[in-house]
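Asker: One structure coming up, written as structure tokens, with questions to follow.
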Amino acid sequence: ALIGEVKNARSERDKLTQIVLRESDRLNRTIGDFLAYARPTPIAPRRIDLAAVMEEVLVLLEHRPLPASIKVVRAFAAPLWAEVDPNALRQAIWNLCLNAVEAMPAGGEITVGAAEAGPALDVWVADTGPGIGAADLGHIFEPFFSTKPAGSGLGLALVHRIVCDHGGDVDVRTHVGVGTTFTLTLPRAAHG
């Protein structure tokens, strides 16, 4: 009986440890988002291969404990030269990918793509989640607006700010029951 009690105590402790780790991760993310929003670092654009930054983000994403039924699709080829701040863009793409994962708790497909579009570069993150309702669509970039119980409401506000700081634009296409695509239009670096 004593062995059973010890096993139960260990199992409870393990469960508690998991909850504490998960919650501290969530809290760290919320505080990090808040500080990034409240005290933004001035962007420092330089000529970079954005495909390499996107690949780094996706490798990190794939090493998170994702639902098994989530598939990550790459729709870009290197090099993709852009005149951007690599850290800021890494943050924006990461936020969009996390949102896509959270929109699909039962699984689905995330497509991360990029293509040259004249003097600009389009970067998109698409999910096959439930889409964004019409009532929420006008508010998604507002600070502290969130449809998730544990959301800080700063993830998309940060994405919007980062893209605007680059002189770019964010476009959202959503279809209820089909999915959502966020497209970031960014300045392209000169060739050579």
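The values are calculated or read from the model by the stated rules, or taken from the named source; none is laboratory data. If you're wondering where the values come from, they're calculated on a predicted model, not measured in any experiment. Positions of Cβ are backbone-derived with ideal geometry, glycine not excepted, and every protein chain shown enters the neighbour counts. Areas reflect the complete protein model, heavy atoms only, side chains present, ligands, DNA and RNA absent. Shrake-Rupley method; radii C 1.70, N 1.55, O 1.52, S 1.80 Å.
Asker: Give me the angle, in degrees from 0 to 90, between the Cα long axis of helix 2-38 and the longest principal axis of the Cα atoms of the chain, rounded to the nearest 10.
Answerer: 20
Asker: I've got another one for you. Per DSSP H run of n ≥ 4, the term is -39500 (n - 2.57); total these for the chain, divide by its residue number, and report the mean residue ellipticity at 222 nm rounded to 500 deg cm²/dmol. Walk me through the numbers on the way to the answer.
Answerer: Values: 5 runs with 82 residues, N = 192.
Result for the chain, helices only: -14000 deg cm²/dmol.
Asker: On a 0 to 90 degree scale, rounded to 10, what angle separates helix 86-102 from the longest Cα axis of the chain?
Answerer: Its long axis makes an angle of about 50 degrees.
Asker: Can you list the residues of the stretch 95-112 with backbone N under 20 Å from a point 7 Å past the Cα of Val73, pointing along Cα to Cβ?
Answerer: 96-112
Asker: In the stretch 56-153, what chymotrypsin sites (Phe, Trp or Tyr not before Pro) fall in a loop by DSSP, with at most 13 other Cβ atoms inside 10 Å?
Answerer: Numbers: sites: Phe76, Trp81, Trp94, Trp124, Phe141, Phe144, Phe145; in loops: Phe76, Phe141, Phe144, Phe145.
Those satisfying the criteria are Phe144.
Asker: Further question: Take the alpha carbon gyration tensor of the stretch 107-164, find the square roots of its eigenvalues, order them as a ≥ b ≥ c, and report rounded if a/c is under 1.5; if not, report prolate when a/b exceeds b/c, else oblate.
Answerer: Details: a/c = 2.21, a/b = 1.39, b/c = 1.59.
Note, shape of the stretch 107-164 comes out oblate.
Asker: To continue, here is another question. With only Lys, Arg, Asp and Glu charged, each at its Cβ (+1 for the first two, -1 for the last two), find how big the charge dipole of the stretch 55-182 is about the Cα centre; round to the nearest 20 debye. Write down the numbers at each step before the final one.
Answerer: Values: 7 positive and 15 negative charges, 78 e Å.
Using Cβ point charges on Lys, Arg, Asp and Glu, the stretch 55-182 gives about 380 debye.
Asker: What number comes out for accessible area per residue over the chain if the probe is 1.4 Å? Units Å², please. Walk me through the numbers before you get to the answer.
Answerer: Details: 10840 Å² over 192 residues.
Here the per-residue accessible area is 56 Å².
Asker: May I ask you to derive the relative contact order of the stretch 75-192, considering only C-alpha pairs under 8 Å and at least 6 residues apart, and to give it as an integer percent?
Answerer: Numbers: 205 pairs, mean separation 37.9, N = 118.
Reported relative contact order: 32 percent.
Asker: Using a 1.4 Å probe on the protein chains only, how many percent of the accessible area of the chain belongs to carbon and sulfur?
Answerer: Details: 6380 of 10840 Å².
Carbon and sulfur: 59 percent of the exposed surface of the chain.
Asker: Between Phe144 and Ser11, what's the calculated FRET efficiency when r is the beta-carbon distance and R0 is 35 Å? Round to 0.05.
Answerer: FRET efficiency, Phe144 to Ser11: 0.40.
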